[in-house]
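Read through the structure below, which is laid out as structure tokens, and then see the notes.
The values are calculated or read from the model by the stated rules, or taken from the named source; none is laboratory data. All values derive from a computational prediction rather than experimental measurement. Reconstructed Cβ throughout: ideal geometry from the backbone, glycine too, with neighbour counts over all protein chains shown.
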Amino acid sequence: MARIIRLVENAHLEKAPVDRLADQVAGIFVPVVLVIAALTGFFWWYSGASANEILSYTVAVLVIACPCALGLATPIAIMVGTGTGAQHGILFRNAPALEAAHGLDTIIMDKTGTLTEGRPKVTQILTVDADSSTFAEAEVLRFAAAVEQGSEHPLGRAVVAEAEKQNLTANLTANLTLPEISGFEAKTGFGVKAVCNGNLILVGNPALMHAENVFSEVPENLEKQIFSGSTPIYVAVDGRLIGVICLADEARPESKAAVRKFQELGLELVMLTGDQQSSAEAVAVKTGIAKFHAGVLPEEKAEIVKQYQAQGARVGMIGDGINDAPALAQADVGIAMGSGSDVAMETSDVVLMKNDLRHVSDALMLSRATLRNIRQNLFWAFGYNVIGIPIAAGLLVPLGGPALHPMLAAGAMAFSSVSVVMNSLRLRGFSFFKS
Ligand SMILES: [Mg+2]
């Protein structure tokens, strides 16, 4: 915990401050306008205008040049952009995150809980042909579920959940095949064992089966049938193997579509996982991700993000667990699943409240739209001033043109702010991938 927190803090310290274009522009713009106003007054005084006229021109310049639209341009767009995102379950935790999201070119993703549900599920039940009889798949599951009812292991709970789903647990008590178990014993790292109607039932990994003399090695024909990437648990009754239940943490149904969308956007995709190669590969193949690193330790995740950044990549990291937190903080934009741990959400810049990975591409598109909107706002805010100032200064008067009354200048100035606000409100019509 302490090490992860330290990594998170360091990553925060290393973050570059975000430059604000409008601030830079305003920093130059304001003194320039003051000089122009002074020059205008001096010019009209020099050409013998009345005090009233001198004051009128000078004030018109100051009023029309008021950079309030310029000051509004960025915050209003960010406010509408983040608000629209939040309405659809995309929570930008700060304005720099919204700004940074548009420039991402690499997406690094955690596997468990991010691309996958994060909970193992029964994916396959295999039965074993024996000399006397073969148990049906349902029976294999029923035996396993009866014993696993006392287990707190995630795999055990998944077996019971599957049995409940198939409505077998109800039959369990009804048909009395396995009325009650006794002598339940959980062997950590191996499996569980219990006695049922005088039958000794074993549910666990090959090591347990070996220790209990069921088999010394997994039968080859059985091993071939097991999907790669899944975790098999073996079921034996009275020292005889009756079947295998395979469990896997399946990819979320929307993960594949999300990956395809990332590819359409031209993003480089990388998957990171602490899990072994085979389960990483299974998820990568299923979701269409070509590049992945398996067996990655939590601190290595942040290190990998750093490596990509060192190569000039702008990295968006998506994760859910406490082990992803350092990488989320290190990334240019950290994106956490709403179902994830509090630490992950706390260190991230964007939270996906609906746990839908497709919202990541939405977040990037929304960021791009917001940045585009800011540029339009700056253009309009600035355009008003560029056109308005010479007219307000009375430049057209010697050429026989009109002068701009300070009152009209005030109206134009207000209108430029209104146009900037109206332009930003258009962001509310941003179309989401799925809402
Ligand atoms: Mg995870």
Of all residues being outside any strand (DSSP E or B) and more than 13 Å from the ligand (Cβ to nearest atom) in the range 327-337, which is surrounded by the fewest Cβ atoms within 10 Å (Cβ to Cβ)? Just the residue, please. Asp332
Any residue at all in the range 80-89 that is within 16 Å of the ligand (Cβ to nearest atom) and outside any loop (DSSP other than H, G, I, E, B)? no
Looking only at the range 415-435, which residues are surrounded by 14 or more Cβ atoms within 10 Å (Cβ to Cβ) and either under 15 Å from Phe382 (Cα atoms) or out of contact with any helix residue (DSSP H, G or I) (no Cβ under 9 Å at 6 or more places or on another chain) (or both)? Ser416, Ser417, Ser419, Val420, Val421, Asn423
Read through the list (1) under 11 Å from the mean Cα position of the chain (by Cα); (2) not in a helix (DSSP H, G or I), then give the number of the only condition that Asp362 fails. (2)
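Go through the range 202-266 and tell me which helices (runs of 4 or more DSSP H), entirely inside it, have 1 or more residues that are in contact with a Lys or Arg (Cβ under 8 Å, 6 or more places away or on another chain) and either buried (at least 19 other Cβ atoms within 10 Å of the Cβ) or assigned by TED's automatic domain parsing to the domain that holds Ile318 (or both).
By residue number, 206-211, 255-264.
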Just the residues that are among the aliphatic types (A, V, I, L, M) and either surrounded by fewer than 21 Cβ atoms within 10 Å (Cβ to Cβ) or within 15 Å of the ligand (Cβ to nearest atom) (or both), please, taken from the range 306-326. Ala310, Ala313, Met317, Ile318, Ile322, Ala325
Working only within the range 338-355, note down all residues that are over 15 Å from Asn94 (Cα atoms) and within 16 Å of the ligand (Cβ to nearest atom). Gly338, Ser339, Gly340, Ser341, Asp342, Val343, Ala344, Asn355
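Hydrophobic (A, V, I, L, M, F, W, C) and more than 16 Å from the ligand (Cβ to nearest atom): is that true of Ile107 in this structure?
no
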